[in-house]
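Coordinate-derived values only; no laboratory data. These numbers come from a predicted model, not from an experiment. So basically every Cβ, Gly included, is an ideal-geometry build from the backbone, and we count neighbours across all protein chains shown.
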Amino acid sequence: MANIRVDADAITGWESFHEAFKQAMGFPGFYGMNMDAWIDCMSYLHDEDAGMTRFNLDVTETLNIEIAAIESLNVRCPEIVDALIECSAFVNKRYLEAGKRPVLALVFL
């Protein structure tokens, strides 16, 4: 199991959300800073040759995404929380459709 932690107190809008995940995940320099690009990068957690994240998870591993201060983020930017949940579910669906286990788990702190 792998873990990342994102401090939601540092997220004030979409730009800071994408910067926080780019840093935590090691997204490439060409990361598009939108949720489609987020989904694409998260869909390569088992492919170290793709260079889309700093992770190379075993097919049995899960990435726990710990979001600290989720309540305050939900007050400030509820659309970001909703998108994070929806897009994480979409990534897991992609993995399931490929015959793999779901790879993302959200942990709200």
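With just the Cα atoms defining each centre, how far is the range 15-80 from the range 90-109? Give it in Å.
13 Å
Using amide H atoms built in the peptide plane, which far-off residues or other-chain residues are under 5 Å from residue 26 H to H?
54
Using alpha carbon coordinates only, what is the Rg to Rh ratio of the range 2-108, with Rh defined as the Kirkwood radius?
When Rh is taken as the Kirkwood radius, the ratio is 0.94.
If you rank 77, 41 by fewest surrounding Cβ atoms within 10 Å, what's the result?
Lowest count first: 77, 41.
Taking the Cβ of residue 46 as the center, what net charge do the other residues with Cβ under 15 Å away carry, scoring Lys and Arg +1 and Asp and Glu -1?
Here the count lands on -3.
Where in the chain are the DSSP H helices whose alpha-carbon span along the long axis reaches 18 Å or more and whose Kyte-Doolittle mean is at least -1.0?
Membrane-span-like by this criterion, though nothing is claimed about a membrane: 78-97.
Mind sorting 40, 7, 82 by how few other Cβ atoms lie within 10 Å of their own Cβ, fewest first?
82, 7, 40
Residue 71: net charge of surrounding residues, Cβ under 15 Å, Lys/Arg +1, Asp/Glu -1, itself excluded?
Charge balance in the 15 Å sphere: -3.
Can you sort 75, 81 by how many other beta carbons sit within 10 Å, fewest first?
75, 81
Which value, in debye to the nearest 20, describes the size of the charge dipole of the range 1-88 about its Cα centre when Lys and Arg Cβ atoms bear +1, Asp and Glu Cβ atoms bear -1, and nothing else is charged?
Using Cβ point charges on Lys, Arg, Asp and Glu, the range 1-88 gives about 200 debye.
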